[in-house]
1. Would you check if VAL112 is closer than 25 Å to ALA20 by Cα, under 14 Å from the mean Cα position of the chain (by Cα) and in a helix (DSSP H, G or I)?
2. Kindly indicate the residue of the range 10-37 that is touching a helix residue (DSSP H, G or I) at 6+ places or on another chain (Cβ under 8 Å) and at pLDDT below 95 and also surrounded by the most Cβ atoms within 10 Å (Cβ to Cβ) among those meeting that condition.
3. Filter the range 128-175 down to the residues that are surrounded by 15 or more Cβ atoms within 10 Å (Cβ to Cβ), in a helix (DSSP H, G or I) and touching a Phe, Trp or Tyr at 6+ places or on another chain (Cβ under 7 Å) and list them by number.
4. Among the numbered criteria (1) in contact (Cβ under 8 Å) with a residue 40 or more places away in the chain; (2) within 22 Å of LYS17 (Cβ to Cβ), which single criterion is violated by LYS145?
5. Please work out if ILE71 is of a type outside the set (Asp, Glu) and modelled with pLDDT under 95.
Amino acid sequence: MEQTRKVFKNFIENFEKWQAWGKGLYLWSNTPGSGKTFLSCCLARSLMVKYDLQMRFITAPAYIDTVGESIKRARGEEERSKVYKECDVLVLDDIGAQAGGKWQEQELFNLVNKRMEHGKITIYTSNMDANALNVDARTRDRIIKTSIVLQMPEENLRKKKAAAEQQSFLQMILQQQGT
C-alpha cells in the first residue's frame, strides 16, 4: 500500500512527466465500494486545481448512453461525447459495467484511442483487473499501455461508512427518546 501512496503522490506532484509519457491510472478492486471513484475524483480535482486543467467525470455506462443519444439526434449538432475525448483529464468510472455490444465496444475504443493519440490522461476505475476487462482486445491493450494499473484494497468502505452512519443515527434517536 505504501508504494501505491507514493504513486498517487507522484502523479500529483510530477504530473508533467506523466503527461509527457501519456500515462494515467487504472484503479481496480473486485469489491464495489472500495473507494476507487472517490479517490479518482480527488486525484483529478487535485490536478485540475494545481495545473489548471479541464477535467471531466463520467461512468462508462453513462458515456455509452451519451454516445447513443448523440447518434439519435439530428445531424448538425455537436457531438455530446466530444468533451470527454478532448478534456485534459478524464475519470472514466466503472469501466466494465457498460453494456456489451459491437457499437458499444467501438465507441469505447474510439474514446480510449482518441485520448491515447492526443496524449490525454485518463483515470479508469473498475471492478475488474485490466487484463480481464470486458472490452475488445484493442481497447484493453490501449488502456494497459496508457495506465499504471493499481489494485485497491478489497474492502467495502461504503458499507463500513453506512454502518457507522446507521449506528450514529440510532444512538442519536435513542438518546432523544430518553429525554
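1. Numbers: closer than 25 Å to ALA20 by Cα: yes; under 14 Å from the mean Cα position of the chain (by Cα): yes; in a helix (DSSP H, G or I): yes.
Answer is yes for this residue.
2. By that ranking, first place goes to SER34.
3. Answer for the range 128-175, where residues must be surrounded by 15 or more Cβ atoms within 10 Å (Cβ to Cβ), in a helix (DSSP H, G or I) and touching a Phe, Trp or Tyr at 6+ places or on another chain (Cβ under 7 Å): ALA130, THR139, ILE143.
4. (1)
5. Details: of a type outside the set (Asp, Glu): yes; modelled with pLDDT under 95: yes.
Yes.
The values are calculated or read from the model by the stated rules, or taken from the named source; none is laboratory data. Note that this is a predicted model, so its numbers are computed, not measured. Positions of Cβ are backbone-derived with ideal geometry, glycine not excepted, and every protein chain shown enters the neighbour counts.
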